[in-house]
Amino acid sequence: MKVRIDGETREYYTLWREGGTVKMIDQRKLPHAFEIAEFGDHRATAAAIKDMVCRGAGAVGCAAAYAMAQAALEARDEPLDEFTAYMEEAAEKVRETRPTAVNLFHAVERCLEAGGEGTVEERVENVLSEADGISEDDLRASRRMGEIGAELLRDGSRVLTHCNAGALAFIDHGTALSPIRVAHKQGKNVFVWVDETRPRCQGSRLTAWEMMQEGIPYAIIVDNAAGHYMRRGEVDAVIVGADRVAANGDVANKIGTYEKAVVAKANGIPFYVAAPEMTFDLLTPTGDDIEIEERSPDEVTTMWGLAEDGRHTRVLIPAQGSAARNPAFDVTPAEYVTGFITERGLIEPPFRENIAETFKES
């Protein structure tokens, strides 16, 4: 992704591995500070996933793969049985970080399978290769989804998006924002309505920052304003990402996605979900079977930002001691989805049959 720092534009991936060290853009600091965080072992990388140093289905999947690569490097001098036990323990630690995004679980299983045969040294090399391959797959899929999704956008399209499904949510390019990027590069005049996405404000903090870096026109709106603009005819399409897609096409995504899908359908606006193969979970029958992560109520009762004196600070919004609930995701039933933008093409209804057909060789 393009990042402008002190008047100079540089290219960055969201995260990457250098030997046994994993480096990430620290998304907790954006948009007011750009910092690269470094994590020297799999436990630190797992903690970074849990603490949302990186977030987004693709990014946590790649981070999980890199954590498994770190674990393999850490245990490379152990006997085979101890190496295997160490990898299993590492896998369980990574699995415990975020329960909803299936990319994470797919990445862990791929790395375990890759390291399942051969000498310890061979297993280490296979895990490293698999982890790097997962990131390469993520990058290719993001680019391809952009090319496919851009065909759905005309010159002058006004697109509403929710949360951040951009380059920061993957290695680069993203899912929901990738078609917008490609359309912009094609010379189409595309405008983006950016939902703020409470409570962590991934829209106003991250998506808006990405659009600013790319020079794509946008406007931040409060979450409750989306229906207003849809009813006025000022939204031509909604494109969101996903953290998990069930076999029947039900979609788990950032809290508030369900509301956007319902209002879009009521106003005759197409609602697209951009998601790579890694995000589809054919072993989960419906959205009712997806575990929904509930995070700390502090994310609801406080807000983080830049104070007038330039300090990064957190402020309390309601009365001290107020009760709050904080589900991080919701489920959008498949009936509200117009189509899935994937690296293998656009999947349209009937979803259960067409999703299975699209990914049957995986």
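The values are calculated or read from the model by the stated rules, or taken from the named source; none is laboratory data. This is a predicted model, so every value here is computed, not measured. Positions of Cβ are backbone-derived with ideal geometry, glycine not excepted, and every protein chain shown enters the neighbour counts. Just the protein is used for accessible areas: all its heavy atoms, side chains included, with ligands, DNA and RNA removed. Shrake-Rupley method; radii C 1.70, N 1.55, O 1.52, S 1.80 Å.
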- request: Under 28 Å Cα to Cα from residue 265, which lysines show up? Leave out anything in the same chain fewer than 8 places away.
  value: 188, 254
field: 1.4 Å probe accessible area per residue over the chain, in Å²
entry: 42 Å²
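How long are the semi-axes of the equivalent ellipsoid of the chain, defined as square roots of 5 times the Cα gyration tensor eigenvalues? Whole Å, largest first.
For the chain, the semi-axes come out at 32, 24, 20 Å.
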field: Residues in segment 23-38 reached by a label modelled at residue 313 [backbone nitrogen below 20 Å; 7 Å Cα→Cβ]
entry: 29-33
- request: Quickly estimate the mean residue ellipticity at 222 nm for the chain, helices only: each DSSP H run with n ≥ 4 gives -39500 (n - 2.57), and the total goes over all residues, rounded to 500.
  value: -11000 deg cm²/dmol
field: Highest average packing first - 313-321, 123-131, Cβ atoms within 10 Å
entry: 123-131, 313-321
message: How large is the convex hull of the C-alpha atoms of segment 1-140 per residue, in Å³?
response: 96 Å³
- prompt: Using a 1.4 Å probe on the protein chains only, how many percent of the accessible area of the chain belongs to carbon and sulfur?
  reply: 47 percent
task: Please report how far the C-alpha centroid of segment 157-213 lies from that of segment 90-104, rounded to the nearest whole angstrom.
output: 26 Å
- request: Using a 1.4 Å probe and ignoring any ligands, DNA or RNA, find the accessible area of residue 34 and quote it in Å² to the nearest 10.
  value: 60 Å²
query: Each residue of segment 11-18 in turn: what ³J(HN,Hα) in whole Hz from Karplus with 6.51, -1.76, 1.60 and θ = phi - 60°, glycine and Pro shown as x?
result: 9, 9, 8, 5, 8, 7, 10, 10
field: Extended-chain gain in nm, criterion 0.36 nm per residue less alpha-carbon gap, residue 266 and residue 80
entry: 61.1 nm
statement: Here the gain from full extension of residue 212 to residue 325, 0.36 nm per residue of separation minus their alpha-carbon distance, amounts to 37.5 nm
message: Using a Gaussian network model on the chain with a 10 Å cutoff between Cα atoms, which of 284, 161, 197 fluctuates the most?
response: 284
- line: Rg from C-alpha atoms of segment 112-259, normalised by the globular rule of thumb 2.2 N^0.38 Å, equals 1.22
task: Could you please tell me the mean projected area of the C-alpha convex hull for segment 258-362, averaged over all directions and given in square nanometres to one decimal?
output: 10.4 nm²
- prompt: residue 188 to residue 33: FRET efficiency via 1/(1 + (r/R0)^6), r the Cβ-Cβ distance, R0 41 Å, to the nearest 0.05?
  reply: 0.80
